[in-house]
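The values are calculated or read from the model by the stated rules, or taken from the named source; none is laboratory data. Just so we're clear, the structure is a prediction, and the values are computed from it rather than from any experiment. For neighbour counting, all protein chains shown are included, and Cβ atoms are generated from backbone atoms with ideal geometry for every residue, glycine included. SASA here: full protein model, heavy atoms, side chains in, ligands and nucleic acids out. Shrake-Rupley method; radii C 1.70, N 1.55, O 1.52, S 1.80 Å.
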Amino acid sequence: MNKFALFCKTFAILIAAYFVFAVLSCLLPDKGIKAHIAESAPIMVEEGLYPKAIINKEQCQMDNFTDALIMNQIYSIDRKQPVKSAMLMIRMSEKGRDWDQTDLLLRTVNGETLEEQHYARYWHGSTFLFRPLFLVMDFVTLRHVLFIVSSILIVILLCAYYPKAGLMKTLALAMGFLVTYGFVMQFSMQFFPVLALTIIGSLLVIRREKSANFGLLFFVIGSLTCYFDLLTTPLLTLGIPLAVMLSLKRDDELQIKDNLIEISKIILLWGLGFALTFVTKWAMASLILGQNIFADAYEVSLYRMEAEEFTRWDALTKNFRMFNLWIIGIAAVVLLLFSFANRVKISYKKVVLFLLVGLMPYVWYLLLANHSYLHWWFTYRLQAIAVVCLLFILCGEVPENSRL
């Protein structure tokens, strides 16, 4: 089978799996689901739209707005029309009140008469993923489960990475998570899928270190990101695994031109998987529902890329200012001291490649200026890619028999 046929077959299987999974999720009996969401709604209202996770800082803001929206969608699914529900994705709303999704969720479970509003331009894989969990738990318990699962994944990642990369690079990878307050992503239905996919993608890169077929892997990751994510920090599933891949390459194996071509192909294939999955949803929903979902998606896409009331530079700097530069500076100095003390060589080849990957978040901010400016309090986490790449550069190349 040639590569083009392999990619086409893989994509067809993914789309079929997405559709079947969504329909099966909609078919689940909803008595227990609605009961658990009804228990959760007052808690969401009490917490408010944007509570802080663990630390009372702006950088630690959670997104109960979108979590309540997801729960509203789960509650509003019509299991008698599973295909329509899977494609249209209804939630109960009220004109002029969309800014308070926790209140709308509470009013929905209390049986108030509200308007139906569709959200068909996304796949909403997270809605279908979490719907079965509400059969047996409320939102508070679900948060605990997400935290435990993501913590286990993080530990597995660091344990898998350390034997191949050494202590300093493992600390550098962990630092990218810490300085962007990644633990906030562990408590939210909105943020969790991207975190999980980033970790799993990195683990697969580590496991398949010597495999040449990274293109297909990143194509699949891009598609899965589109399926589960609501445009939070999707680039993490590309940038972090890509940085991990580069960090495991030996300097004597590197050729700038060949690796630039490889990185460009991986970025293109991840983007292709992401974009094709989006377009396929619009096409399927338009065909099945008899509505023009393309028009809505096109209008919103233009809106997310515009910069009319602010500049693209404003979008970039607003995200950058969320950094705690003191922590990054201390980490950088510590790594430099270890590098000098152990006579570690900093590879100019890897500097070039890591810079290319590390600059991706800032390209994203410039392209999606509106989205990045309005949602800076979570889009800033894309810069975990830049932090990891910078610290990987400072780690340099240690001898193979060293565990630094």
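Could you go through segment 212-222 and let me know if any residue there is within 22 Å of Phe183 (Cα to Cα), open to solvent by 30 Å² or more (accessible area, probe 1.4 Å), among the hydrophobic types (A, V, I, L, M, F, W, C) and part of a helix (DSSP H, G or I). Looking for residues that are within 22 Å of Phe183 (Cα to Cα), open to solvent by 30 Å² or more (accessible area, probe 1.4 Å), among the hydrophobic types (A, V, I, L, M, F, W, C) and part of a helix (DSSP H, G or I), one finds none in segment 212-222, hence no.
If you go through segment 49-101 and keep only what is open to solvent by 20 Å² or more (accessible area, probe 1.4 Å) and basic (Lys, Arg), you end up with Lys52, Lys57, Arg79, Lys80, Lys84, Lys95, Arg97.
Can you say whether Lys345 is open to solvent by 60 Å² or more (accessible area, probe 1.4 Å), in contact with a strand residue (DSSP E or B) (Cβ under 8 Å, 6 or more places away or on another chain), among the charged types (D, E, K, R) and farther than 26 Å from Thr379 by Cβ, as far as the supplied structure shows? So Lys345 passes the test.
Of the residues in segment 243-276, how many are of a type in the set (Ser, Thr, Tyr) and farther than 17 Å from Gly166 by Cβ? The qualifying residues number 1. Checking the structure you have, find out if any residue of segment 181-199 is in contact (Cβ under 8 Å) with a residue 12 or more places away in the chain, in a helix (DSSP H, G or I), over 28 Å from His371 (Cα atoms) and polar (S, T, N, Q). So far as segment 181-199 goes, no, none of its residues is in contact (Cβ under 8 Å) with a residue 12 or more places away in the chain, in a helix (DSSP H, G or I), over 28 Å from His371 (Cα atoms) and polar (S, T, N, Q). Please work out if Leu289 is closer than 26 Å to Ala174 by Cα, of a type outside the set (Gly, Ala, Ser) and in contact (Cβ under 8 Å) with a residue 60 or more places away in the chain. So Leu289 does not fit the description; no.
Taking Ile55, is it not aromatic (Phe, Trp, Tyr) and not in a loop (DSSP other than H, G, I, E, B)? It is false that Ile55 is not aromatic (Phe, Trp, Tyr) and not in a loop (DSSP other than H, G, I, E, B). Sub-6 Å Cβ pairs linking a first residue in segment 308-320 that is over 20 Å from Arg381 (Cβ atoms) to a second residue that is in a helix (DSSP H, G or I), at least 6 apart or interchain, are Phe310/Tyr373, ordered by first then second residue. Among the residues of segment 351-359, are any closer than 30 Å to Arg250 by Cα, of a type in the set (Phe, Trp, Tyr), open to solvent by less than 70 Å² (accessible area, probe 1.4 Å) and assigned to a helix (DSSP H, G or I)? Yes, segment 351-359 contains at least one residue that is closer than 30 Å to Arg250 by Cα, of a type in the set (Phe, Trp, Tyr), open to solvent by less than 70 Å² (accessible area, probe 1.4 Å) and assigned to a helix (DSSP H, G or I). For Leu104, state whether it is farther than 26 Å from Gly222 by Cα, at pLDDT 95 or above and open to solvent by less than 30 Å² (accessible area, probe 1.4 Å). When the stated conditions are applied, Leu104 passes them. Does Tyr303 meet the test of being open to solvent by less than 60 Å² (accessible area, probe 1.4 Å), in contact (Cβ under 8 Å) with a residue 40 or more places away in the chain and part of a helix (DSSP H, G or I)? No, not satisfied. Screening the candidates Ser264, Ser286, Ser347, Ser247 for the property of being under 30 Å from Met87 (Cα atoms) and of a type in the set (Ser, Thr, Tyr) yields one hit, Ser286.
Glu46 fulfils the conditions (1) farther than 20 Å from Thr141 by Cβ; (2) surrounded by fewer than 20 Cβ atoms within 10 Å (Cβ to Cβ) except for a single criterion, (1).
Of all residues in segment 69-121, those that are in contact with a His (Cβ under 6 Å, 6 or more places away or on another chain) and touching a residue at least 40 places away in the same chain (Cβ under 8 Å) total 1.
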